[in-house]
1. Would you say residue 182 is free of Cβ contacts under 8 Å to residues at least 24 places away in the same chain, surrounded by fewer than 17 Cβ atoms within 10 Å (Cβ to Cβ) and acidic (Asp, Glu)?
2. Filter segment 266-307 down to the residues that are β-branched (Val, Ile, Thr), part of a helix (DSSP H, G or I) and within 20 Å of residue 186 (Cβ to Cβ) and list them by number.
3. I'd like to check something: does segment 85-103 contain any residue that is under 18 Å from residue 180 (Cα atoms), at pLDDT 95 or above, hydrophobic (A, V, I, L, M, F, W, C) and over 15 Å from the mean Cα position of the chain (by Cα)?
4. Quick test of your reading of the structure: residue 188 fulfils all but one of (1) open to solvent by 10 Å² or more (accessible area, probe 1.4 Å); (2) under 13 Å from the mean Cα position of the chain (by Cα); (3) farther than 25 Å from residue 55 by Cβ; (4) not charged (D, E, K, R). Name the failing condition by number.
5. What pairs come out if I take residues in segment 73-89 that are among the acidic types (Asp, Glu) and pair them with residues that are open to solvent by 20 Å² or more (accessible area, probe 1.4 Å) and not in a helix (DSSP H, G or I) whose C-beta lies under 8 Å away, six or more apart or interchain?
6. Would you pick out the residues in segment 246-259 that are open to solvent by 10 Å² or more (accessible area, probe 1.4 Å), over 14 Å from residue 226 (Cα atoms) and either touching a Gly at 6+ places or on another chain (Cβ under 6 Å) or in contact (Cβ under 8 Å) with a residue 12 or more places away in the chain (or both)?
7. Using beta carbons and a limit of 6 Å, which pairs, at least six apart or on different chains, have the first residue in segment 149-170 and of a type in the set (Ser, Thr, Tyr) and the second one assigned to a strand (DSSP E or B) and modelled with pLDDT of 95 or more?
8. Would it be correct to say that residue 87 is of a type in the set (Asp, Glu), open to solvent by 60 Å² or more (accessible area, probe 1.4 Å), farther than 23 Å from residue 284 by Cβ and part of a helix (DSSP H, G or I)?
Amino acid sequence: MAEHHHDEHHHAQLRSKYEEALSKYDTALDDKKVQEEVKRIITECVHKNDTPEVKKFLMGSIELTTLQTTDSDESVLAFTERVNQFEDAYPTLPHVATICVYPCYAKIVSETLEVEGVEVACVSGSFPSSQALLEVKVAETALAIADGATEIDIVMPVGKFLSGDYEGVSDDISELKSVCGEHAMKVILETGCLKTAENIKKASLIAMYSGADYIKTSTGKLSPAATPEAAYVMCQAIKEYYDETGIQIGFKPAGGLNSVTDALIYYTIVKEVLGEKWLTNRWFRLGTSRLANMLLSELTGEETKFF
């Protein structure tokens, strides 16, 4: 009986830990106000960032991603070779930040990638659903790192979050962070499933307090994927967390980046909310594959399908 009482006490302590962390922040956001603020930023500020310099910067922030059911050793090898060839083809442009693949391709990418400074990112932890036993997620993540992944992208257990099990969410994230160790871990919130600005803010804070090095909008496998409103709320959370703890967390919009304008909108939100300190390809990443060719086309002035 005493044991049971101890458990309840422990749970109360943990529950208060999450509540205490969240209580330091304003999470009662008004969706309408968020929409209005995002609209204002887009209307007033995006055009100022529509420059070749910013487009070059965006090119260097891309996480070139292939997460297809049809991926194969051959296709991923060819994908990596394009990144190797890019330096020779476009010596004046920055190379992409990262190649992002499934863990079974970490070895191929890490062994064939020749470009200095390009990270090997793997989606892990039963991407994109995150619905697996924690032991399986741990094993997959450890194997990806053993095979050469330098960054790991996991999906927050969204079902646990929506049912109010913040402790379960935090345990999952912190357990996987301990597997990643020094390697950067991005936590995907799947904001399209979270629906409200309040949920997005809470999920952002819980992910950061649990060990996320970056927070990322979406898997790109569900719709809606990234939205400017979600990005705004996440950046706001990153800023407040930084002000509170002094810890800088990166931001990655992914999914639904269909045009150069989309990329400029996210860049502008980061610039307006987080400021210059985040405008490096260490702290700001864009998860996409189609955007690389679009940016390249705009920078070279002709339709280019390099990747």
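1. yes
2. Within segment 266-307, 269, 270, 273 meet the criteria.
3. No, segment 85-103 contains no residue that is under 18 Å from residue 180 (Cα atoms), at pLDDT 95 or above, hydrophobic (A, V, I, L, M, F, W, C) and over 15 Å from the mean Cα position of the chain (by Cα).
4. Single failed check for residue 188: (1).
5. Going by the 8 Å Cβ cut-off, the qualifying pairs are 87/95.
6. Listed by number, the residues that qualify are 247, 248.
7. Matching pairs, first to second residue: 150/119; 150/120.
8. Spelling it out, it is not the case that residue 87 is of a type in the set (Asp, Glu), open to solvent by 60 Å² or more (accessible area, probe 1.4 Å), farther than 23 Å from residue 284 by Cβ and part of a helix (DSSP H, G or I).
The values are calculated or read from the model by the stated rules, or taken from the named source; none is laboratory data. What you see is a predicted model; the values in this text were computed from it and never measured. We place every Cβ from the backbone using ideal geometry, glycine too, and count neighbours over all the protein chains shown. Protein only, heavy atoms only, side chains kept; ligands, DNA and RNA dropped before computing areas. Shrake-Rupley method; radii C 1.70, N 1.55, O 1.52, S 1.80 Å.
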